[in-house]
Amino acid sequence: MSRRHLPSLTAMQCFEASARHLSFTRAANELNLTQSAVSKQVAQLESVLEHPLFRRVRKRLQVTPEGSLYLTEVRKILAQVEMSTRYMQSYGGQSEVLNVTTLPTFGARWLIPRLKGFRFRHPDIYLNISNRVEPFDLDEQHVDVAFFFGHGAWPKADCIKLLGEEVVAVCSPSVLPVGGINDPLALTQLVLLQSATRPEAWHDWFAAQGLYTEHSYHGPRFDTYSMTLRAARAGCGVALVPRFLAEEELAAGQLVTPWSFSLTSRDAYYLAFPEYKAELAKVKGFVQWILEHLEHPLLENVAEPNGVGHSRY
């Protein structure tokens, strides 16, 4: 296979600075290079791309349409390189990064409060936490631990059940009629807030009570439960959410449950990690920490190493 001829980072830096200043001279001053060196780097880049990046008009530079298109990509690349470099510079030689993914609202409301103190017990483990909603491959995305909602199965991964889910209707007290409601179908008059990841939620909630309404799928749709809860607090309508995600607002009286019925989900929240990473110290340390901070009987398994299931943690 022939070696691909790719531009250097120096050439990209010269192009980006020249496009920003519209001057090779000012770009050279910023990069501590000569004007001819910057010009040469840009010319080599144009040769590789086989497209002109600048026009010279009355001794001034103008970025071509092709240059503008490439500039957007170059800035992304340079920003990523800088971020990755600074990221690694912040760690000591003996430190390990643990890549963790989570559902957005679950991560913000359930996971993050349980991380307090983790750094003190595991000073050599640096957490890199990101949000993911769509399915993905743990290996391809270099993920060490993933939190997800589902049936408890993940290809080539060990899964540990964390908690189940009780779904309830919540809304701002300001939207309720005086005296409350005496029929769950009355909620349709308050606007049903929809979750993009659970399009059947309202239909299932009504059906579990032997009810049907054509309004089950009508209403503004939100990507995350955080957005749905915020909309409910603002009085935009009634949200159907896992009770544990709304505990803060319910306790503060910012949200109320207009109808007491709750629906237990068939699925649950799980922690997953690649099978071959099960014995890595950083993974074991993190899983152990999560189980210790779970109000859940799974913690009973921790004391039995090398047992069945996930008891090794």
>> Whether any residue in region 143-152 is part of a loop (DSSP other than H, G, I, E, B) and among the acidic types (Asp, Glu) is what I want to check.
In response: yes
> Residues in region 162-178 that are in contact with a Leu (Cβ under 7 Å, 6 or more places away or on another chain) and outside any loop (DSSP other than H, G, I, E, B): how many?
Replying inline: 6
>> So residue 230 ticks every box in (1) part of a helix (DSSP H, G or I); (2) crowded, with 17+ Cβ neighbours inside 10 Å but one. Which box is left unticked?
In response: (2)
> If you go through region 251-259 one residue at a time, do you hit one that is within 19 Å of the chain's Cα centre (by Cα), among the small types (Gly, Ala, Ser) and either in a loop (DSSP other than H, G, I, E, B) or outside the structural domain of residue 203 (by TED's automatic domain parsing) (or both)?
Replying inline: no
> Among all residue pairs at least 6 apart or on different chains, which show Cβ distances below 7 Å where the first residue, located in region 245-262, is among the aromatic types (Phe, Trp, Tyr) and the second is not in a helix (DSSP H, G or I)?
Replying inline: 259/169; 259/181; 261/209
>> Need the failing condition index for residue 279 against (1) assigned to a helix (DSSP H, G or I); (2) at pLDDT below 95, just the number.
In response: (1)
>> Checking the conditions here, which among 255, 245, 250 is touching a strand residue (DSSP E or B) at 6+ places or on another chain (Cβ under 6 Å) and closer than 29 Å to residue 211 by Cβ?
In response: 255
>> Checking residue 191 against (1) touching a Phe, Trp or Tyr at 6+ places or on another chain (Cβ under 9 Å); (2) more than 17 Å from residue 149 (Cα to Cα); (3) aliphatic (A, V, I, L, M), only one condition comes out false. Which one?
In response: (1)
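Which residue is nearest to the chain's Cα centre (by Cα), if the candidates are limited to region 233-242 and must be part of a loop (DSSP other than H, G, I, E, B) and small (Gly, Ala, Ser)?
The qualifying residue nearest to the chain's Cα centre (by Cα) is 234.
The values are calculated or read from the model by the stated rules, or taken from the named source; none is laboratory data. Everything quoted here is computed from the prediction, not taken from an experiment. Every residue, glycine among them, receives a Cβ derived from its backbone with ideal geometry; neighbour counts consider all protein chains shown.
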